[in-house]
Structure formats: C-alpha cells, structure tokens
Amino acid sequence: MGDPAAPLAPDTWERHALAARLAGSPGTLLDVGGEGLLRRYLLGTEVTTANVEPPADVLLAGPELPFADGSFEAATSIDVLEHLPAAERAAHVAELRRVARETVVLTTPLGTPEHVEAERELAEWHEAVTGRRHRYLDEHLRHGLPTPEELAELGEGGELFFHGDFRRAAELFRFGVRRRPLDLVRLALARRDRELSPLPQRFTNRAFVRFTSVG
C-alpha cells in the first residue's frame with residue numbers, strides 16, 4: 001500500500017484528516033475506495049480497505065459490499081461518489097449504512113456550477129501541459145459532481161458539512177503537475193485548512209456527509 005510515512009498532498013491530507021475526525025474513534029472501520037491512508041489518523045482503529053482495484057485489503061467486483069450487515073462499527077467513502085453514475089450513488093450510500101453499526105462518513109467534491117466549470121478548465125489545462133487527459137477529472141466531468149441538492153437527498157437523516165475553496169485545490173494541483181514541490185509545501189503549510197462549515201459558499205470545494213447510529 002505504499003510508504004505509510006510518505007508526505008501527502010495538502011488536499012489529500014485535509015480530506016482524510018477531516019473524515020477521520022468525523023468518524024470518531026471506532027474499533028473497526030471499512031474504508032471503501034481507500035488505500036489505507038486513514039490508518040494514519042485512526043491509530044487505535046482496525047481499518048479494512050475495499051476498492052475496485054489494488055491496493056486494497058478486499059477487491060470489489062460490483063456495487064455490493066461483501067460483508068454482513070453491521071460488520072464494522074464505522075464505514076467511510078472518500079472521493080467515491082463523483083466516480084459513480086448518479087443513478088448508482090444512492091445504492092452506494094445504502095451499502096455503507098448496511099455494513100456499519102454506528103457511523104458512516106462520505107466526502108466528495110461539491111458540484112456547484114462554478115466548481116464544475118473550474119474542473120473542466122483544469123482538465124483542459126492538464127491536457128495542454130502534459131499531453132494527456134487526467135483520468136479522475138474526466139470521470140468527474142462524465143458522471144457529474146454531486147450537487148448540494150443531490151447530497152441533501154442522499155444525506156437525509158444525516159449531517160452535511162462543507163469545506164475548503166476549490167480555487168486553492170486547483171492551485172495546489174497545478175503546482176504538483178509542474179513539479180514545484182517547494183511552492184507546494186510553502187502554500188500547504190501557510191494555508192492548511194481543517195474548518196468545516198454547515199453551509200456551502202460560492203467556491204466551496206468539498207462536502208462531507210455523516211450518519212450516526214445507523215445500525
């Protein structure tokens with residue numbers, strides 16, 4: 001699963017740190033779509049990763065999670081929803097809630113018109129600079145980022161939180177593509193953001209959904 005001590009990109013660090021904070025301190029946790037990064041933040045938790053491709057503890061063959069009801073105290077889904085067609089997202093949330101006894105946490109980029117347009121421009125910039133398309137940005141554009149209205153429906157009965165500024169995330173992404181690590185480190189250290197808001201703003205980057213007492 002890679003070097004567990006390797007430094008994380010700022011946006012990666014923030015979303016995992018916040019997801020761990022919202023998850024609390026469960027004894028067991030299923031991280032769907034993860035590569036084990038949550039283990040850095042949940043040191044007393046037994047984390048099982050499940051994904052459609054390696055690295056993962058369990059490889060998934062379809063949308064159903066191969067675990068019995070209530071197999072884990074908690075479950076997380078970090079940056080999965082935006083890679084699923086909209087028609088499959090409710091089933092993904094339902095599966096997470098089925099296998100978790102206490103807490104479910106999901107996070108995804110927020111699909112406001114401004115954010116969608118910014119990602120379209122970023123995908124075009126990446127292709128112009130590198131000569132190739134960016135797989136994950138193309139999946140975002142193809143499936144559509146979850147909108148505030150969609151997330152309110154998917155998160156009915158849970159709590160909804162918002163985080164960050166997608167303009168900063170795009171700036172960090174460009175630094176990384178250009179391989180300017182000193183600029184990346186300076187910007188990350190100066191502006192590391194752990195604050196969650198109950199309401200989205202015009203340039204909000206990310207949404208979190210938390211369900212508690214789901215079992």
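Report the gain in length on full extension from Thr212 to Ala94: 0.36 nm times residue separation, minus Cα-Cα distance, nm rounded to one decimal.
Result for the pair: 41.1 nm of gain on full extension.
Relative to the 2.2 N^0.38 Å rule of thumb, the chain has a C-alpha radius of gyration ratio of 0.99.
Relative contact order of the range 78-145: 46 percent, from C-alpha pairs under 8 Å at least 6 residues apart in sequence. If you plug the beta carbon distance of Glu195 and Asp69 into 1/(1 + (r/R0)^6) with R0 = 41 Å, you get a FRET efficiency near 0.70. Beta bridges assigned by DSSP with both partners in the chain are antiparallel in approximately 45 percent of cases.
Output the relative contact order of the chain, whole-number percent, from Cα pairs under 8 angstrom with separation of 6+ residues. Please list the in-between numbers first.
Details: 379 pairs, mean separation 47.0, N = 215.
Over the chain, the number comes to 22 percent.
Tell me, which longest segment in the chain has none of the GluC sites (Glu not before Pro) that fall in DSSP loops with at most 14 further Cβ atoms within 10 Å? The longest such stretch corresponds to 65-155. Ligands, DNA and RNA left out, the accessible area of the chain computed with a 1.4 Å probe is 52% carbon and sulfur. Taken per residue, the accessible surface of the range 52-130 reaches 45 Å², heavy atoms only and a 1.4 Å probe.
Which is the longest run of the chain containing none of the trypsin sites (Lys or Arg not before Pro) found in DSSP loop states (not H, G, I, E, B) with at most 14 other C-beta atoms within 10 Å? Intermediate results must be reported in sequence, preceding the final value.
On the way: sites that count: Arg132, Arg133, Arg178, Arg179, Arg192, Arg194, Arg202.
With trypsin sites (Lys or Arg not before Pro) excluded where exposed in loops, the chain gives 1-131 as its longest stretch.
Taking Cα atoms only, the orientation of helix 86-99 departs from the longest principal axis of the chain by about 40 degrees.
Here the relative contact order of the range 20-88, from alpha carbon pairs under 8 Å that lie six or more residues apart, stands at 35 percent. Once the Cα atoms are used to define both axes, helix 113-130 deviates from the longest principal axis of the chain by about 60 degrees.
The values are calculated or read from the model by the stated rules, or taken from the named source; none is laboratory data. All figures in this text were calculated on a predicted structure; none of them were measured in a lab. Positions of Cβ are generated from backbone atoms using ideal geometry, with glycine treated the same way; all protein chains shown enter the neighbour counts. Please note that ligands, DNA and RNA were not included when accessible areas were found on the heavy atoms of the full protein model with its side chains. Shrake-Rupley method; radii C 1.70, N 1.55, O 1.52, S 1.80 Å.
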